[in-house]
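**Q** Starting off with a structure, shown below.
Just so it is clear, none of the values below were taken in a lab; they were calculated from the coordinates. Fair warning: this is a prediction, and the values are worked out from it, not measured in the lab. Glycine also receives a Cβ, built like all others from the backbone with ideal geometry; neighbour counts cover every protein chain displayed.
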Amino acid sequence: MTATSTASATTSLVPREPPPTTTRDVHRKPLRRRIGDSIVPTFAALGILFLLVPVAYTVVFSFNSAGKTNLVWRGFTLDNWRNPCGAPQVCQAFGHSLQVGLLSTLIATVLGTLVAIALVRFQFRGRSAANLLIFLPMSTPEVVLGAALLAQFLSVRVPLGFSTVVASHVLFCISFVVVTVKARVSSLDPALEEAAADLYASPLQAFWRVTFPLLLPGIAAAALLAFSLSFDDFIVTNFTSGSYETFPKFVYISATRGIPPQANVISSFMFVLALAIVVIVQLVGYARGKRLRSR
Amino acid sequence: MSITAALGEGGAATGAAPRSLKRSRAHWVLLGPGLIYLVLLFVVPVGALLATSLYVPVPGGDIGQYQPALHWQNYPQAIAQFWPVILRSFWFALLATVAALVIGYPMAYAIAIRARGRTLLQGMLLVLVVAPFFTSFILRTIAWKQILADDSLVVAILHWLNLLPEGARLTATPFAVVCGLTYNFLPFMVLPIFAGLERLDVRMLEAGADLYASPVTTFRTVTWPLSLPGVVAGTLLTFIPAVGDYVNAALLGNNTNTTMIGQVIDARFFKVLDYPTAATLSVVLMAAIMLIVTVYIRRAGTEELL
Amino acid sequence: MTSTAGTAGSAAPVGDQADSGADLELTDVTKSFGDFVAVDNLSLTVPSGSFFALLGPSGCGKTTTLRMVAGLEQPTSGTIAIGGSDVTGTRAHQRPVNTVFQSYALFPHLSVGDNVAFGLRRSGKSEIARRVADGLDLVELGHLADRKPGQLSGGQQQRVALARALVNRPSVLLLDEPLGALDLKLRRQMQLELKRIQTEVGLTFIHVTHDQEEAMTMADTVAVMNRGRIEQMGTPAELYELPRTAFVANFLGQSNLVPGTVVDRVTKSGLLAVDVSGTRILVPEVRSVRSSGGVLVGVRPEKLRILVGDQEPTPAENVLGPGTVTDVSFMGVSTQYQVEVRGLGTFGVFAQNLLGGSTVATGAEVRLAWSVDFTFALDGADAPDEGTVDLDDEP
């Protein structure tokens, strides 16, 4: 293990590919080039700052000893974190969002993965029509999706609530799952499935032992994407939920009378959790890649 | 799994040998459930939306009671009444898309090209780009309300620099709404451009530098054309949701000169109970977007995105 | 890795049943994709235990044939039988056939050992661990069983793919351009290695390749395929010495082909006299595809002898010329000459450097002579350049 980590430390010092322009020998370059080279990274850093400042606000204001509203800073407190369910309905709405998110993710991931495999692996009549059907929901603004679903639910008189919210979330998640998994399937050598068949695996065995494990990273990415889309959706939910309240809907409605700091607590908690998961996955993947290369 | 893998459509496509049509019907088993779902919850509802857009009020009925009809006049009426809002929505979305492109392209370029080969740095930068998605969209929008508030640091600095006239404010202005839209959809711009640039062979840039010498010329003749599919995907992923968005307009604007079409559709549905007009406006919005997207993709020569 | 006979002595290292594979019989097999006929009414018998090569340029239908034998593709018409039983219509996983894929198709998520065990587990064999160990030993990779395929070199991956197929003791082992991805030196080494393993395990090997040298080095029998049909089949020496079509003459080695017309048939000596733009060339009748009308007279470049000045041919030789030497390439063991004969085109001549160095200079006036016994004649309707190496065609 020590040998491995030493090896990886050494490798990381050596750039595997020379950078596009020779950014390394800074000293020998005229000032004008040096400034030119740093414009893009500086701009990018500002862009990332732009993305993160509002996130920082939501986290910071989870520690605010808020009054009626949570818009101005009134002093630091841990009370909100000690009692995240302190505000009425906030935890209920959070629970609803988790339930809706998990169920829609499950359904959308299964349906979308099957479609993605079929679209890449089979050539059939109606393939481009199927592709269009996948593409259309993604290119339709949420407000139109919401309005269409509501018009449909009203016309068949389905009571609005948990089931209509899940049904509509699955709809807008499927397309993203298909696109994500499709990328993974098409990077898979079709000869692998043929090799499995050649080695006496029935189509079902070939799928579970070869195709599925190899698609798993793509499927996991798709599921994560679907969950975050569902968990954070407001517009479609607003149309199809009736009186059922999800977390984003709760926050939006409270915006007029003042959002409780507990909403910031829950949002910050989810942020830290998701960030931790993604960072760990990145680090593990990086370490594994290093180990593979160093052997 | 990496975020890169999640977004890059294609990757090293090995071009699966297309199989003969006779071979199997397995694909319908795989496609069936998903496509049926999309038909039942997308195609049919859009049909319901079209039908609703032609409804008329029940004569002598209560508010919110409509009956099926083919009242095409709903369209000219709705457009006549709301065309400034529709135009404004497209205008705001266009501004936000351009702003997101200007901010997002250098970010994607820096991550894909400058951080090339440094896997961990690249991964972490991508995590930072998608990090906003891990917190509530609405809370982040509220944060913008705080950042642009009258007594905020940003406004104070702008006053001090005389960039903002005395007494002028940022809250409840078109600027605030476009700023919010740009912010909210920026990651959707960065990621596809990144995915495109990531596949770009750096040796091509070196060859470009060798042939043209000037970095600007190299960018114009090599990098930009090769990144175009990513740019098209990114602009669409930004523009389409931005047109229909009403959270930014409602929370950051909330002013008659910032009203966007989504707010009107929402209000017609829930406050006025005027379903036909809401449906009509939705259909108009969808049709306009389809038209714009088709023309745009054709012009950009990237039909294969479909 | 060397190809010493060290392991060759140990009896049946892979499986316990020392069977020698099974016959493979294709009868009138046709495969079309839409309008394109990939394999055209092909019939073929491969005897059990033989090393059989399907040789042809890309797109000739050889890989499609292989895939039909594997069950990855179904023939449009015709039947395929293995060991006497008809397997047409059965799927890949139901056939006693294993394949070494061109891309190796090793499962990247499984260790080398699990890759090799994959087929054994599916077919429910016993003593899997021992069979896997024996299989890996056969390809001399026993020490790498725990690695993932991504951690192996190309040559090692190739051998894992081979072991993964061999451990199942298939009736027929299919090899789809198995050495295509290796560099030249490794390829030579693996050619000998594959031949050793085939001799050792005694299974029926069917090897698809576009590399004529590879096919000739390894196979007992070579079938040359072109446009979905088998042009000619035989031992490498037969094919080389007596090609029956212009395609085979050019694809397998090089040939000098010139058009002529049969003008006389000498029954007593079994010779045909052919007029090649005014010169009389003799061809043994058994070495000619037709005994009248238009033919293509052919001779291999190394069979040609250059006559300088007043050197005379022997009575048993054909002579053409005079011509001009247009190019001389010294290649170490031999020298390659290009001789332009007026009205007939350019002839290639390989001369062994027995005397050290080339003996004729560019621009010299020479004649070409060769033994009547090495002359062959093809159908005059064949295009003389069919099957010549096209640079764009190299995969």
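**Q** How high is the FRET efficiency from C:Phe33 to B:Val272, r the C-beta distance, R0 51 Å, rounded to 0.05? Walk me through the numbers before you get to the answer.
**A** On the way: r = 60 Å, r/R0 = 1.17.
For C:Phe33 and B:Val272, the calculated efficiency is 0.30.
**Q** Let me ask you something else. Give me the dipole magnitude in Debye, nearest 20, for chain C about the Cα centre, with unit charges on the beta carbon: positive for Lys and Arg, negative for Asp and Glu.
**A** In debye, rounded to 20, chain C gives about 920.
**Q** Here is a further query. Express in whole angstrom the spacing between the alpha-carbon centres of segment B:226-277 and segment C:126-201.
**A** If we compute the Cα centre of each part, the gap is 60 Å.
**Q** Please give, to one decimal in nm, the separation of the simple spin-label points placed at C:Arg342 and C:Glu365, each 7 Å out from Cα toward the Cβ.
**A** 0.9 nm
**Q** Next question. Would you mind getting me the FRET efficiency between B:Asp150 and A:Ala276? Use the beta-carbon distance for r and R0 = 41 Å, nearest 0.05.
**A** The pair B:Asp150/A:Ala276 has a calculated efficiency of 0.65.
**Q** So, one more: Could you work out the relative contact order of chain B, using alpha carbon pairs under 8 angstrom and six or more residues apart, expressed as a whole percent?
**A** That works out to 26 percent.
**Q** Let me ask something else about it. Using a Gaussian network model of chain C with C-alpha springs under 10 Å, which one of C:Ala361, C:Ala273, C:Ala133 is most mobile by mean-square fluctuation?
**A** C:Ala361
**Q** Lone cysteines in the protein assembly as shown, going by a 4.7 Å Cβ-Cβ cut-off?
**A** So, A:Cys173, B:Cys179, C:Cys60.
**Q** Nearest 500 deg cm²/dmol is fine: what mean residue ellipticity at 222 nm does the protein assembly as shown get from its DSSP H runs of n ≥ 4 alone, each adding -39,500 (n - 2.57), divided by its residue count?
**A** -15500 deg cm²/dmol
**Q** Let me ask another. Once both labels are modelled 7 Å past Cα along the beta-carbon direction, what's the C:Ser85-B:Leu161 spacing in nm?
**A** The modelled label-to-label distance comes out at 8.3 nm.
**Q** Roughly how many debye, to the nearest 20, is the charge dipole of the protein assembly as shown about its Cα centre, given +1 on each Lys and Arg Cβ, -1 on each Asp and Glu Cβ, and no other charges?
**A** So the dipole magnitude of the protein assembly as shown works out to roughly 3340 debye.
**Q** As an exercise, find the ratio Rg/Rh for segment C:24-241 from alpha-carbon atoms, using the Kirkwood inverse-distance average for Rh. Show your work: numbers first, answer last.
**A** Values: Rg = 16.9 Å, Rh = 17.6 Å.
Expressed as Rg/Rh, it is 0.96.
**Q** Hey, which aspartates and glutamates would be in cross-link range of C:Lys148, C-alpha to C-alpha under 13 Å, not counting anything within fewer than 8 residues on its own chain?
**A** Correct list for C:Lys148: C:Asp114.
**Q** Eigenvalues of the Cα gyration tensor times 5, then square-rooted: what semi-axes does that give for chain B, in whole angstrom, largest first?
**A** On the way: eigenvalues 290, 201, 60 Å².
They are 38, 32, 17 Å, listed largest first.
**Q** Based on DSSP H assignment, which helices of chain A show an axial Cα extent of at least 24 Å together with a mean Kyte-Doolittle hydropathy greater than or equal to 0.5?
**A** Span-like helices here: A:31-60, A:90-121, A:162-186, A:212-231, A:261-294.
**Q** If you count, for each residue, the other Cβ atoms within 10 Å and average over each peptide, how do C:318-326, A:225-233, A:73-81 line up from highest to lowest?
**A** A:225-233, C:318-326, A:73-81
**Q** Give me the Kirkwood hydrodynamic radius of segment A:177-253 in Å, from all C-alpha pairs, to one decimal place? Can you show the working numbers first?
**A** On the way: mean 1/r = 0.0667 Å⁻¹.
Result for segment A:177-253, one decimal place: 15.0 Å.
**Q** Please compute the average number of Cβ atoms from other chains found within 10 Å of each residue's Cβ in peptide B:103-115. Don't skip to the end; give the middle numbers.
**A** Values: counts 6, 3, 4, 9, 10, 2, 4, 9, 3, 0, 4, 8, 3.
Taking the mean over all residues of the peptide, I get 5.
**Q** So what is Rg over Rh here for chain A, counting just Cα atoms and using Kirkwood for Rh?
**A** My calculation of the ratio gives 1.05.
**Q** Could you tell me the largest-minus-smallest coordinate of the C-alpha atoms of segment A:210-295 on each of the three principal axes, in descending order and whole angstroms?
**A** Result for segment A:210-295: principal-axis Cα extents of 61, 29, 13 Å.
**Q** Further, regarding this structure: Could you work out the pair-distance distribution P(r) of segment C:101-177 from its alpha-carbon pairs, with 5 angstrom bin width and percents rounded to whole numbers?
**A** With a bin width of 5 Å, the distribution comes to 3, 18, 31, 27, 16, 4, 0.
**Q** If you take each beta carbon of peptide A:56-66 and count the beta carbons of other chains within 10 angstrom, what is the mean?
**A** Other-chain Cβ atoms within 10 Å of each residue's Cβ, averaged: 3.
**Q** Just to verify a number: FRET efficiency for C:Ala129 and C:Gln151, C-beta to C-beta distance, R0 = 25 Å, to 0.05?
**A** Details: r = 21 Å, r/R0 = 0.85.
Working from the Cβ atoms, E equals 0.70.
**Q** Taking a temperature of 20 °C and a viscosity of 1.002 mPa s, what whole-number D in µm²/s does Stokes-Einstein yield for chain C with Rh from Kirkwood over alpha carbon pairs?
**A** 92 µm²/s
**Q** Could you tell me the distance between the Cα centroids of segment A:119-160 and segment A:34-58, to the nearest Å?
**A** Spelled out, the Cα-based centre of one part sits 37 Å from the other.
**Q** Order C:98-105, C:142-149 from most to least packed using the mean count of other Cβ atoms within 10 Å.
**A** Peptide ranking by packing, descending: C:98-105, C:142-149.
**Q** Same structure again: Sort largest first and round to whole Å: the equivalent ellipsoid semi-axes of segment A:90-244, each the square root of five times a Cα gyration tensor eigenvalue.
**A** Ellipsoid half-lengths, sorted descending, are 33, 17, 12 Å.
**Q** Provide the per-residue ³J(HN,Hα) series for segment A:232-243, in order, calculated from phi with Karplus coefficients 6.51, -1.76, 1.60 and θ = phi - 60°, each as a whole number of Hz, with x at glycine and proline positions.
**A** 9, 6, 10, 4, 4, 4, 4, 6, 10, 9, x, 9
**Q** Cross-link candidates for A:Lys249: which lysines have Cα within less than 24 Å, leaving aside residues fewer than 8 places away along the same chain?
**A** Once the sequence-local lysines are set aside, what remains near A:Lys249 is A:Lys68, B:Lys145, B:Lys271.
**Q** Give me the one-decimal nm value for the distance between modelled label points at B:Trp224 and A:Leu154, 7 Å along each residue's Cα-to-Cβ direction.
**A** Here the answer is 4.7 nm between the modelled labels.
**Q** Per residue of A:272-284, how many C-beta atoms from partner chains lie within 10 Å of its own C-beta, taken as a mean?
**A** So the per-residue partner count for this stretch is 4.
**Q** Follow-up question, since we're still on this one. Once the convex hull of the alpha carbons of segment C:256-381 is built, what does its volume come to per residue, in cubic angstrom?
**A** On the way: hull volume 13.1 nm³, N = 126.
In segment C:256-381, the Cα hull volume divided by residue count equals 104 Å³.
**Q** Would you please put A:238-249, B:64-75 in order of how densely packed they are, using the mean number of other Cβ atoms within 10 angstrom per residue and starting with the highest?
**A** A:238-249, B:64-75
**Q** When we measure straight from the Cα of C:Lys31, which lysines land under 17 angstrom away, once same-chain ones fewer than 8 places off are left out?
**A** B:Lys22, C:Lys62
**Q** Right, here's the next one. Cα-based Rg (one decimal) and Dmax (whole number) for the protein assembly as shown, in Å?
**A** Calculated on Cα positions, Rg and Dmax stand at 36.8, 122 Å.
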